[in-house]
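Single-structure report; data block below.
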């Protein structure tokens, strides 16, 4: 359904990404979908395709510049070496600008590493109109959730040693104290429960609920 494209970045450069387009074509609400730490792989492309089937233009920026892995150690290395500020301010922002050329709104939605970047974009990237985060929270120095500028929805697992229940409690408290419009959902599942290509953690029921809630939220705010 989708194809690889190039789009301009705010610094005058270009970036690549996978764009899935719905039957309505360019005249549709849009979202930037942000990868897990594995890279722009088949799984995240299929997520973009699913959103296109639901009427959204979905663009996945290639944050690793063509590198993809299935090895956790290499994925950790790639994530650690990522220029997070550049990925957010150039790749994600450029993707949003590209999508919003049609005059419609656009959201950011990401998983794991991409979930953390989603929070940063919701705070710092003004082109963002809504944010949906799956099990990702950035370090406090990267973005203060109390400065979230857009409606926010989060999906978190109760069995997660990265986005721990305590970290999610803290995020919820910050958003509530700042009066940010938000929804936070917790699932009796493990980290990465939405990734159907990881049977050791995938949870079909949690994934179904999160998908339906995400679609409702996106349609409401876009």
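Values in this text are rule-based calculations from the coordinates and carry no lab data. Here the structure is a predicted model, which means the values were calculated and not measured. Here the Cβ positions follow ideal geometry from the backbone for every residue, glycine too, while neighbour counts run over all protein chains shown.
Multiplying the residue separation of residue 27 and residue 67 by 0.36 nm and removing their Cα-Cα distance gives an extension gain of 11.3 nm. For the stretch 124-156, the residues whose backbone nitrogen is under 19 Å from a point 7 Å from the Cα of residue 216, taken along Cα to Cβ, are 130-135, 151-156. When both the stretch 141-211 and the stretch 72-92 are represented by their alpha-carbon centers, they are found 20 Å apart. Once a ≥ b ≥ c are taken as the square roots of the eigenvalues of the Cα gyration tensor of the stretch 97-222, is the result rounded (a/c under 1.5), prolate (a/b larger than b/c) or oblate (a/b not larger than b/c)? Since a/c reaches 1.5 but b/c is at least a/b, the shape of the stretch 97-222 is classed as oblate.
Full extension of the chain between residue 5 and residue 97 yields a length gain of 31.7 nm, computed as 0.36 nm times the residue separation minus the alpha carbon distance. In the chain, the ratio of gyration radius to Kirkwood radius, Rg to Rh, stands at 0.93 when only Cα atoms are counted. Give, as ranges by residue number, the residues of the stretch 157-198 whose backbone N falls under 20 Å from the point 7 Å along Cα→Cβ of residue 147. Counting backbone N atoms under 20 Å from the label point, the list is 170-182.
Ordered by the count of other Cβ atoms within 10 Å of each Cβ, fewest first, 120, 137, 180 give 180, 137, 120.
For 155, 77, the sequence from fewest to most other C-beta atoms within 10 Å is 77, 155. Under the classification rounded if a/c is under 1.5, otherwise prolate if a/b is larger than b/c and oblate if not, where does the stretch 85-155 fall, given a ≥ b ≥ c as square roots of the Cα gyration tensor eigenvalues? Judged from the Cα gyration tensor, the stretch 85-155 comes out prolate (a/c at least 1.5, a/b above b/c). Each peptide in 98-104, 123-129 was scored by the mean count of other Cβ atoms within 10 Å over its residues; highest first, the order is 123-129, 98-104.
Dividing the summed -39500 (n - 2.57) terms of all DSSP H runs of n ≥ 4 by the residue count of the chain sets its mean residue ellipticity at 222 nm at -10000 deg cm²/dmol.
Extension gain, residue 74 to residue 202: 0.36 nm times the residue separation minus the Cα-Cα distance gives 44.0 nm.
Cβ-to-Cβ counts within 10 Å put 214, 207 in ascending order as 207, 214, the fewest first.
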